[in-house]
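Readers should treat all values here as calculations from the given coordinates under stated rules, not as data from a laboratory. Here the structure is a predicted model, which means the values were calculated and not measured. Here Cβ is always computed from backbone atoms with ideal geometry, including for glycine, and neighbour counts include all displayed protein chains.
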Amino acid sequence: MLKLKNRLKELRARDGLNQTQLARQIGASRQTISLIERGDYAPSIILALKISRVFRESVEEIFQLEEED
């Protein structure tokens, strides 16, 4: 089974953003950011592209599909 991993927490720390600030920038809720970070929610393509734009990194550099044990 595949699981969607991400670097959101790392990138937020790098750029000095909390979950609420990132959520406001992309038009989402803080809860959505939390769920994405935990891997409990896969963002839509539009949301992933907005996140990519905020961090100036490609979607593939932020999100990765990994095999789950």
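Loop-located trypsin sites (Lys or Arg not before Pro) across the range 1-68 with a Cβ neighbour count of 13 or fewer within 10 Å are ARG56, with loop assigned by DSSP. Take the Cα of ARG53, step 7 Å toward its Cβ, do the same at SER29, and the gap between the two points is 2.3 nm.
Between ASP40 and ASP15, what FRET efficiency follows from the Cβ-Cβ distance if R0 is 25 Å, with the result rounded to 0.05?
Details: r = 23 Å, r/R0 = 0.91.
Taking R0 as 25 Å, the efficiency between ASP40 and ASP15 is 0.65.
Comparing ALA28, ALA42, ALA13, which has the greatest mean-square fluctuation in the GNM of the chain with Cα pairs linked when under 10 Å apart? Highest fluctuation of the listed residues: ALA13.
Starting with the fewest neighbours, write out SER29, SER52 ranked by other beta-carbon atoms found within 10 Å of each beta-carbon.
Working: SER29 12, SER52 17.
Ascending number of Cβ neighbours within 10 Å: SER29, SER52.
Under the criterion of Cα pairs below 8 Å and six or more residues apart, the relative contact order for the range 17-59 equals 29 percent.
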